[in-house]
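Here the structure is laid out as structure tokens; the discussion comes afterwards.
Where a number appears in this text, it was derived from the coordinates with a stated rule and is not lab data. Computed from a prediction, not measured in an experiment: that's the story for all the values here. Neighbour counts run over all protein chains shown; Cβ positions are idealised from the backbone, glycine included.
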Amino acid sequence: MKLKMRYFALIVVSVLFLSPQYKAIAQTTGVGAGVIVGAPTGINLKFWTSSINAFDVVLGWANNGEWTRFNDGYVYYYTQSYFHVHADYLWHDFNVIRTTQRLPLYYGVGFQFDSGNMLATDFGVRGVVGLDWMPYSTPLDVFLEVAPVLYVVPSAGLGVDAGIGARFFFH
């Protein structure tokens, strides 16, 4: 059974990479799909609108953890998972870091929405700064980003998101 699954996966990957309707293209055009790990963790989509601008959307989850002392005197750490979505509009600057690689610094602004069990639904405005490595002759990119968040609903507050991820770009 495992051997059949491996052959099936190999065929699917081959069709995706070799089929003209799913042709992989450079990282500064088209749509990229991948994952981000950190706070949040989830599915990442990037939609290029020009050679330097893009929309970046994440659907995922994050954890809110804290230390608590219970009645027995012991201290416990527990986490609460919650649904997370954010969308940012990005600008890429390819000239900040001088290297033979394509390594743009990107920055942008967007919004964030969180909702979950035991967590009040919140909405915030984000700023984001990141570094994107775009190897030549591949449809892949790898990124690292940090995003301060100003929560405005249900009350004002500050937060920070950070993550690392990778995407595969399609035509």
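Key figures
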| item | result |
| --- | --- |
| Added length on full extension, which subtracts the Cα-Cα distance from 0.36 nm per residue, V96 to L59 | 10.4 nm |
| Surrounding net charge for P40, when Lys and Arg each add one and Asp and Glu each subtract one, Cβ distance under 9 Å | -2 |
| Qualifying chymotrypsin sites (Phe, Trp or Tyr not before Pro) in segment 100-142, DSSP loop, other Cβ atoms within 10 Å at most 15 | Y136 |
| Sum of side-chain charges, G130 neighbourhood, beta-carbon under 13 Å (Lys, Arg +1; Asp, Glu -1) | -4 |
| Relative packing of peptides 145-155, 31-41 - highest average C-beta neighbours within 10 Å first | 31-41, 145-155 |
| Sequence of L90, L59 once ranked by neighbouring C-beta atoms within 10 Å, starting from the fewest | L59, L90 |
| Rounded if a/c under 1.5, otherwise prolate or oblate - segment 24-170, Cα gyration tensor axes | prolate |
| Computed lengthening from V85 to I164, 0.36 nm per intervening residue step minus Cα-Cα distance | 26.8 nm |
| Ranked list, fewest to most other Cβ atoms within 10 Å of each Cβ, for R167, R102, R126 | R102, R126, R167 |
| Point-charge dipole on Cβ atoms (K/R +1, D/E -1) for segment 24-170, about Cα centre, debye to 20 | 300 debye |
| Proximal charge balance of P104 [Cβ under 10 Å; K/R count +1, D/E count -1] | -2 |
